[in-house]
1. Size of the dipole of segment 12-102 about the Cα centre, Lys and Arg at +1 and Asp and Glu at -1 on the beta carbon, nothing else charged, in debye to 20?
2. Over segment 63-103, what per residue volume does the convex hull of the Cα atoms give, in whole Å³?
3. Running a GNM on the chain with Cα contacts under 10 Å, which residue among Arg78, Arg63, Arg19 ends up with the highest mean-square fluctuation?
4. In nm, to one decimal, how far is the Asp7 label point from the Trp82 one, both placed 7 Å along Cα→Cβ?
Amino acid sequence: MTARRSDSWRTEGLEALCRALLTLETVDEAALFLRDLCTRTEIEGMSGRWAAAVLLDAGLPYREIHERTGVSTVTIGRVNEWRRHGTGGYRLALDRIGETADG
């Protein structure tokens, strides 16, 4: 059995997708791209997870986040775990969104 590298999720396909995302310049362009790429359910799921991350970062409790977003408390818990102990992607985006809002 071959040991899996911890970064095995970083495939060439993911790299190509990330490069495509980086070409988008506006919220409207990103929305159009995501709508073509994803199902409505996938978009709703990702949007809900992002909303949960923002509200968790603001210190709201799981129950209130669930009431505001409809995201399950189990998913909120997973988002919180990745927000706190993941690869840093949530933190990077949250910090940059905060910088944009402050500036």
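1. 400
2. Here the figure is 75 Å³ per residue.
3. Evaluated over the chain, the most mobile residue of the options is Arg19.
4. 1.9
Every number in this text was worked out from the coordinates using simple rules, so none of it is lab data. These figures come from a predicted structure and were not determined experimentally. Because the Cβ atoms are built from the backbone with ideal geometry, glycine has one as well, and the counts that use them run over all protein chains shown.
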